[in-house]
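Structure first, then comments.
The values are calculated or read from the model by the stated rules, or taken from the named source; none is laboratory data. Values in this document were obtained by computation on a predicted structure and should not be read as measured data. Every residue, glycine among them, receives a Cβ derived from its backbone with ideal geometry; neighbour counts consider all protein chains shown.
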Amino acid sequence: MIDTHCHLNDPRFEDDAPAAAKRARDAGVVGFLIAGYDFPSSAKALKLAEIPGAWVAAGIHPHDASCINETPDWENALADALKSSPRVAALGEIGLDFHYMHSPKDVQEEAFRLQIRLAHALELPVTVHTRAAEDRSIEILREESLPPAGAVLHAFTGTPEQASRAVAMGCFIGCTGMVTFGKADALREMLRAVPLDRLLLETDCPYLAPHPLRGKRNEPALLTYVRDAVAQLFGCSPEEVARQTTKNALTVFTAMKEELGNG
C-alpha cells in the first residue's frame, strides 16, 4: 500500500517519525507522501525524505494563503523547494477552505491558481485540500486545466455528483479513515460513485484516526483500516484494494514509480 497523504512533519511526530515509518513498512505500507502546507512544514518534509519509503509534497495550504502577500518572491521560493530533491512527488497541499476562512477567499483562490500554474510548469501533480468549497475547487481546476501529471482531491467529502465530475475531469479521490466512522454514510455513498481505479488511500495523519482509534494520533501504519473499509464498501478483497490503489498512486505520483514498481 501507499499512504498518499500524511504529515510526519507534524510536531506530534517530532520524536518518532522514523519509528512511525518503520511501523508503516511492517504493516505493508511501502511508501508514503509527506505533505507540506507552508514553507516551514515543506522544509521539514524535505528533511524527512531520507526516511526509507518517504516522498514529499510541498505547497501552500489555503489556511496559509495570505503568505503570498507577505513573502516576497514566494513563487520562486516554492519552485526552488520543489526542485531541491528527487524525492518531491507532488505540489501540495493546496486548495480552498471556505469553512475556517483563515485566509480571505480571493487570496485563497489566487494562491490556488498560481500553484496550479506552477505545477504545470514543473510537470508535477497537485494534491488538493477542499472544504466547503468543492464546486469552486473543481471549477478552478477546470479553468486552469489539470496539470498533465494529475490531481488528487485529498480527503474528499463532497457529494457523489461532485466526485463524478472530478473523476470525469481526470482527478483521483483520496479516501481517509473517515470511511470507518459510524455516521459517515454520506461519505460512503460518495465513495461508491468513484471507480476503484480512481481511488487513493490516505491517513492524513496525525489527523482522522480510524475507528476504533478515533481521538488517538493517527499514523501511516493504520492505513490497513482504510484499506479494509474500502474492501468492504466495494465488495472485494483487501488485497485487491491494496493492489489497485497502489497502481493508482504510481500513476499520479510518477516519481515513486522507479523505486516502487508498477503496482
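All but one of (1) surrounded by 19 or more Cβ atoms within 10 Å (Cβ to Cβ); (2) in contact with a Cys (Cβ under 9 Å, 6 or more places away or on another chain); (3) in a helix (DSSP H, G or I) hold for ILE60, so report the exception by its number.
The one condition ILE60 does not meet is (3).
Considering only residues that are in a loop (DSSP other than H, G, I, E, B) and touching a helix residue (DSSP H, G or I) at 6+ places or on another chain (Cβ under 6 Å), look in the range 1-20 and name the one that is farthest from ALA90 (Cα to Cα). If you could, list the steps in order and put the result at the bottom.
Pass one, the range 1-20, residues in a loop (DSSP other than H, G, I, E, B): 1, 7-10, 14-16.
Cutting the leftovers down to touching a helix residue (DSSP H, G or I) at 6+ places or on another chain (Cβ under 6 Å) gives us 1, 8-9.
Numbers: MET1: 18, LEU8: 16, ASN9: 16 Å.
Here the residue is MET1.
Within the range 1-21, restricting attention to residues that are without any contact (Cβ under 8 Å) to a residue 60 or more places away in the chain and buried (at least 16 other Cβ atoms within 10 Å of the Cβ), which residue is farthest from the chain's Cα centre (by Cα)?
Among those that are without any contact (Cβ under 8 Å) to a residue 60 or more places away in the chain and buried (at least 16 other Cβ atoms within 10 Å of the Cβ), it is ALA17.
Would you please list the contacts, defined by Cβ atoms under 7 Å and residues six or more apart or on different chains, that run from a residue in the range 238-257 that is modelled with pLDDT under 95 to a residue that is in a helix (DSSP H, G or I)?
The qualifying pairs are LYS257/LEU250.
Residue by residue through the range 9-39, note down the ones that are under 26 Å from PRO238 (Cα atoms) and of a type in the set (Asp, Glu).
ASP26
Is it the case that the range 2-14 has a residue that's farther than 14 Å from ARG217 by Cα and aliphatic (A, V, I, L, M)?
Step one: list which residues in the range 2-14 are farther than 14 Å from ARG217 by Cα, which gives 2-5.
Filter once more, keeping what is aliphatic (A, V, I, L, M): 2.
Yes; the residues of the range 2-14 include at least one that is farther than 14 Å from ARG217 by Cα and aliphatic (A, V, I, L, M).
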